[in-house]
Amino acid sequence: LPGASGVMTKGALMAFENDQGMTTDGVASPPVWKALIAAVIAGHRSSFGYTFVSVSEGSPESLTVWHSGKTPISGTPVNTGIAAAPTATGVYAVFEHAPSVTMSGYNPDGSYYSDPGIPWVSYFNGGDALHGYIRASYGFPQSLGCVEMPYAEAGLVYPYTPMGTLVDVS
């Protein structure tokens, strides 16, 4: 709806807040408006541009990155969530961006896991994230909701997915 705030507005606000060193919550608070107006008056624009990530759960599963109107990464094979722990479909804004994290939680069978050193992580919905993960193959559901890709590809995707980047899973 025209004039309505949605995930695209939230992502753009988060990207701006991140660039400005502000709390990255995607809320157009008075300090954010003040910073936005000051940036417009000063003619300051993002030097980074804007990224959109598309994750296809088709067969084979893949990821494409659009950055400032170009596709620097296209058709990278990925793994999304298994039936017992699916990757949520929809459009989400990246809310946490870290070069390495420890991921932990529970498997569908109730057993606990803790995986340290997971590289190139961009969380976009709850515990769902884009990240590197070593598997024998890619292109079909194998994760617990995340979008896994080989380390090399994850390293290429990571610089394009700062806070506020939109990720579309379909």
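Could you work out how far apart the two model spin labels at T71 and D25 are, taking each label as a point 7 Å from the Cα in the direction of the beta carbon, and quote it in nm?
3.8 nm
Taking the Cα centre of the chain as origin and charging only Cβ (+1 Lys, Arg; -1 Asp, Glu), how large is the dipole, in debye to the nearest 20?
Using only the charged Cβ atoms, the result is roughly 480 debye.
Whenever you get a sec, compute what percent of the accessible area on region 1-157 sits on carbon and sulfur atoms (1.4 Å probe). List each step's numbers first, then the result.
Numbers: 5090 of 8570 Å².
Here it works out to 59 percent.
Give the shape of region 77-170 as rounded, prolate or oblate, defined through the alpha-carbon gyration tensor: a ≥ b ≥ c are the square roots of its eigenvalues, a/c under 1.5 means rounded, and otherwise the shape is prolate if a/b is larger than b/c and oblate if not. Before the final figure, lay out the partial values.
Working: a/c = 1.37, a/b = 1.25, b/c = 1.09.
Rounded, because the longest to shortest axis ratio a/c is under 1.5.
Can you give the accessible area per residue of the chain, in Å², using a 1.4 Å probe? Before the final figure, lay out each step's value.
Values: 8930 Å² over 170 residues.
Here the per-residue accessible area is 53 Å².
Starting from the coordinates of the alpha-carbon atoms of the chain, obtain the Kirkwood hydrodynamic radius over all distinct pairs and give the value in Å to one decimal.
Evaluated on the chain, it is 16.7 Å.
Which of the peptides 55-63, 4-12 is most tightly packed, and how do the rest follow, going by the mean number of other Cβ atoms within 10 Å of each residue?
The most tightly packed comes first, giving 55-63, 4-12.
Which residue, D128, D25, D115, has the most motion in a Gaussian network model of the chain that connects Cα atoms within less than 10 Å?
Per the Cα network of the chain with a 10 Å cutoff, D115 tops the list.
Over region 1-41, what is the relative contact order in whole percent, taking alpha-carbon pairs under 8 Å and six or more residues apart?
Details: 21 pairs, mean separation 12.1, N = 41.
For region 1-41, the relative contact order is 30 percent.
Rounded to the nearest 500 deg cm²/dmol, what is the calculated helix-only ellipticity per residue at 222 nm for the chain, with -39500 (n - 2.57) per DSSP H run of length n ≥ 4? Please list the in-between numbers first.
Values: 3 runs with 34 residues, N = 170.
That comes out to -6000 deg cm²/dmol.
Are there chymotrypsin sites (Phe, Trp or Tyr not before Pro) in region 138-170 that DSSP puts in a loop and that have at most 14 other Cβ atoms within 10 Å, and which ones?
Qualifying residues, ordered by number: none.
Looking at the chain, send over the antiparallel percent of its DSSP beta bridges, to the nearest 5.
75 percent
Take every Cα pair under 8 Å in the chain that's 6+ residues apart, average their separations, divide by the length, and report that relative contact order as a whole percent.
28 percent
For the ranges 39-45, 77-83, 94-100, what's the packing order if you count other beta-carbon atoms within 10 Å of each residue, average per peptide, and put the highest first?
77-83, 94-100, 39-45
Quote the relative contact order of region 79-170 in percent (integer), defining contacts as alpha-carbon pairs under 8 Å separated by 6+ residues.
Over region 79-170, the number comes to 40 percent.
Roughly what angle does helix 30-42 make with the longest principal axis of the chain, taking Cα atoms, 0 to 90 degrees, to the nearest 10?
Relative to the chain, helix 30-42 is tipped by roughly 70 degrees.
Once the Cα atoms of helix 7-20 and of the chain are each reduced to a long axis, what angle between those two axes, in degrees from 0 to 90 to the nearest 10, is obtained?
70 degrees
The values are calculated or read from the model by the stated rules, or taken from the named source; none is laboratory data. Remember, it's a predicted structure, so these values are computed and weren't measured experimentally. Cβ atoms come from the backbone with ideal geometry, glycine included; neighbour counts cover every protein chain shown. When the accessible area is computed, the model is the full protein with side chains, heavy atoms only, and any ligands, DNA or RNA have been set aside. Shrake-Rupley method; radii C 1.70, N 1.55, O 1.52, S 1.80 Å.
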